[in-house]
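Novice: Got a structure here, written out as structure tokens. Questions coming.
The values are calculated or read from the model by the stated rules, or taken from the named source; none is laboratory data. The structure presented is a predicted model; accordingly, all values stated were derived computationally and were not measured. Heads up, the Cβs are rebuilt from the backbone with ideal geometry, glycines too, and the neighbour counts pull from every protein chain shown.
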Amino acid sequence: MATKNSLGLISLLLGVVLVTAASGCIGPDGGKTTSGTGVVINTFEPRLANVESGESTSLHLEVQNTGDFNNAPTVAELTGINLQEWSVSDQYKDLGQLLAPDPDSETEGGMAAADWEMTAPQLFERQSQTYEPITRVYYYYETRAIKPVLFVTAEELRRIVDSGEAFQTEATTMTSGPITVEVTAGKFVKSRDWQSSKFTLQVHLGNAGGGFIFGKDYPVYVEIEWPDGITPVGDCPREIGYGFSWYENLPPGLRQPSFGRVVRLWKNEETDVFCEFQVSQPPTNRVTKNFEVKLGYIYYTDKHTTLTVKGTEQF
């Protein structure tokens, strides 16, 4: 299942490395990643935090894409209060597709803003009540990673050991997003022939965005692409819940991933994917080959604010 888009992905991740070389940020297993974790909420606050019954106010929202996935579809929901009581007609706000930061032109990630117009509910005179509106910002995102793996013949391995040469294990390089990827396969894979050259690739997913994966049991779509001369032993990753719908009440304007197979993050925190491979075409001496991992998911974060209403009505 070797990809035809390897050069494009390598170019994308090379750009990430150039950015991180300046920033010095370090990701899982020593791999480098840019700062930022996806779409973040910069501002969520009322125009007037203290109002009287029947008075108009509004809630202002500002978001920004700080990760590496470009044109991220983003939707905001207003919740935490009774929208009818506050005369709010639009529960969702389509914030469009937010651009990723561009280090070449030194521009920040795409920003978007929205306002919910509202009217304070009717309360008795001398009555006061504090409300806690919540904005929930959903967005579709992808994370990509490359893990170089060294393959050597038994003869070449013996020569390396005898010469005292050190093995150089290259770390995973990944794009920045709320879900991180760590890929391990040992320091090297020793290749004799395909029958005895099996090895396991471990992909660890972690939630680093401070929010939640949308969907039943926190689904992440995973696609693993392996290089020529390597063959999977069984499914990679294993198929679960075939034909099962992972999404209910998908916010308008968002789509589910159209590639890979679903894995579930345990308690919205982390999970491991194990794939067994065998070497179908051993190297003549040594060679480094890239394994590529692509994740697709819908993510969301919440932000709270407060509104206090003073009653004016005499019933």
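Novice: Does region 256-274 include one or more residues that are under 30 Å from Glu155 (Cα atoms), in a strand (DSSP E or B) and of a type outside the set (D, E, K, R)?
Specialist: Within region 256-274, one or more residues are under 30 Å from Glu155 (Cα atoms), in a strand (DSSP E or B) and of a type outside the set (D, E, K, R).
Novice: Right, here's the next one. Given the conditions (1) in a strand (DSSP E or B); (2) in contact with a Ser or Thr (Cβ under 9 Å, 6 or more places away or on another chain); (3) more than 27 Å from Ala171 (Cα to Cα), and given that Val293 satisfies all but one, which numbered condition is not satisfied?
Specialist: (3) is the only condition that Val293 fails.
Novice: With the structure loaded, tell me whether Thr271 is under 23 Å from Pro178 (Cβ atoms) and among the polar types (S, T, N, Q) or whether it fails that test. It would help to see each step written out before you state the result.
Specialist: Numbers: under 23 Å from Pro178 (Cβ atoms): yes; among the polar types (S, T, N, Q): yes.
Here the answer is yes, as Thr271 does meet what is asked.
Novice: Considering each of Leu150, Leu157 in turn, give the residue that is part of a helix (DSSP H, G or I), out of contact with any helix residue (DSSP H, G or I) (no Cβ under 9 Å at 6 or more places or on another chain) and of a type in the set (A, V, I, L, M, F, W, C). Step through it out loud before you land on a result.
Specialist: On the way: Leu150 fails: part of a helix (DSSP H, G or I).
Leu157 is the lone residue from the list that is part of a helix (DSSP H, G or I), out of contact with any helix residue (DSSP H, G or I) (no Cβ under 9 Å at 6 or more places or on another chain) and of a type in the set (A, V, I, L, M, F, W, C).
Novice: Across region 85-110, what is the total count of residues that are within 30 Å of Glu55 (Cα to Cα) and either acidic (Asp, Glu) or surrounded by 14 or more Cβ atoms within 10 Å (Cβ to Cβ) (or both)?
Specialist: Going residue by residue through region 85-110, those that are within 30 Å of Glu55 (Cα to Cα) are 85-95.
Still in the list and also either acidic (Asp, Glu) or surrounded by 14 or more Cβ atoms within 10 Å (Cβ to Cβ) (or both): 85-86, 88, 90, 92-95.
Of the residues in that region, 8 qualify.
Novice: Return the pair list, or none, for Cβ contacts closer than 8 Å from residues in region 257-278 that are under 18 Å from Thr143 (Cβ atoms) to residues that are among the small types (Gly, Ala, Ser) and in a strand (DSSP E or B), at least 6 apart or on different chains.
Specialist: The qualifying pairs are Pro257/Gly296; Ser258/Gly296; Phe259/Gly296; Gly260/Gly296; Glu269/Gly206; Glu270/Gly206.
Novice: Can Thr301 be described as modelled with pLDDT of 95 or more and surrounded by 13 or more Cβ atoms within 10 Å (Cβ to Cβ)?
Specialist: Details: modelled with pLDDT of 95 or more: yes; surrounded by 13 or more Cβ atoms within 10 Å (Cβ to Cβ): yes.
Spelling it out, Thr301 is indeed modelled with pLDDT of 95 or more and surrounded by 13 or more Cβ atoms within 10 Å (Cβ to Cβ).
Novice: Among the numbered criteria (1) of a type outside the set (A, V, I, L, M); (2) farther than 20 Å from Ile298 by Cβ; (3) assigned to a strand (DSSP E or B), which single criterion is violated by Tyr221?
Specialist: The single condition Tyr221 does not satisfy is (2).
Novice: Pull up region 273-291, narrow it to residues that are loosely packed, with under 15 Cβ neighbours inside 10 Å and over 12 Å from Asp228 (Cα atoms), then point me to the one that is nearest to the chain's Cα centre (by Cα).
Specialist: Phe274
Novice: With the condition kept exactly as written, say whether any residue in region 272-286 is at pLDDT 95 or above and under 30 Å from Gly96 (Cα atoms).
Specialist: No, region 272-286 has no match at all.
Conditions (1) aliphatic (A, V, I, L, M); (2) at pLDDT below 85; (3) more than 21 Å from Glu276 (Cβ to Cβ); (4) in contact with an Asp or Glu (Cβ under 6 Å, 6 or more places away or on another chain), marked per residue:
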| residue | (1), (2), (3), (4) |
| --- | --- |
| Phe167 | no, yes, yes, no |
| Glu170 | no, yes, yes, no |
| Pro178 | no, no, yes, no |
| Val181 | yes, no, no, no |
| Ala185 | yes, no, no, no |
| Ser191 | no, yes, no, no |
| Trp194 | no, yes, no, no |
| Thr200 | no, no, no, yes |
| Ala208 | yes, no, yes, no |
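Novice: Something else: If I filter region 226-238 for residues that are free of Cβ contacts under 8 Å to residues at least 12 places away in the same chain and out of contact with any Ser or Thr (no Cβ under 8 Å at 6 or more places or on another chain), do I get at least one hit?
Specialist: Narrowing region 226-238 to residues free of Cβ contacts under 8 Å to residues at least 12 places away in the same chain: none.
There is no residue in region 226-238 that is free of Cβ contacts under 8 Å to residues at least 12 places away in the same chain and out of contact with any Ser or Thr (no Cβ under 8 Å at 6 or more places or on another chain).
Novice: Can you pull out every residue in region 193-217 that is closer than 14 Å to Trp266 by Cβ, buried (at least 19 other Cβ atoms within 10 Å of the Cβ) and out of contact with any Phe, Trp or Tyr (no Cβ under 7 Å at 6 or more places or on another chain)?
Specialist: Within region 193-217, Leu205, Asn207 qualify.
Novice: Here is a further query. Could you please tell me which pairs satisfy a Cβ distance under 7 Å, a separation of 6+ or placement on different chains, a first residue in region 76-100 that is touching a residue at least 40 places away in the same chain (Cβ under 8 Å), and a second residue that is in a strand (DSSP E or B) and among the charged types (D, E, K, R)?
Specialist: Ala76/Lys93; Glu77/Arg136; Thr79/Arg136; Tyr92/Glu77
Novice: May I ask you to list the residues in region 97-119 that are touching a Phe, Trp or Tyr at 6+ places or on another chain (Cβ under 7 Å) and among the hydrophobic types (A, V, I, L, M, F, W, C)?
Specialist: Residues of region 97-119 touching a Phe, Trp or Tyr at 6+ places or on another chain (Cβ under 7 Å): 100, 118-119.
Those that are touching a Phe, Trp or Tyr at 6+ places or on another chain (Cβ under 7 Å) and among the hydrophobic types (A, V, I, L, M, F, W, C): Ala100, Met118.
Novice: Is it fair to say Phe277 is of a type in the set (Phe, Trp, Tyr), in a strand (DSSP E or B) and over 24 Å from Glu62 (Cα atoms)?
Specialist: The answer is yes for Phe277.
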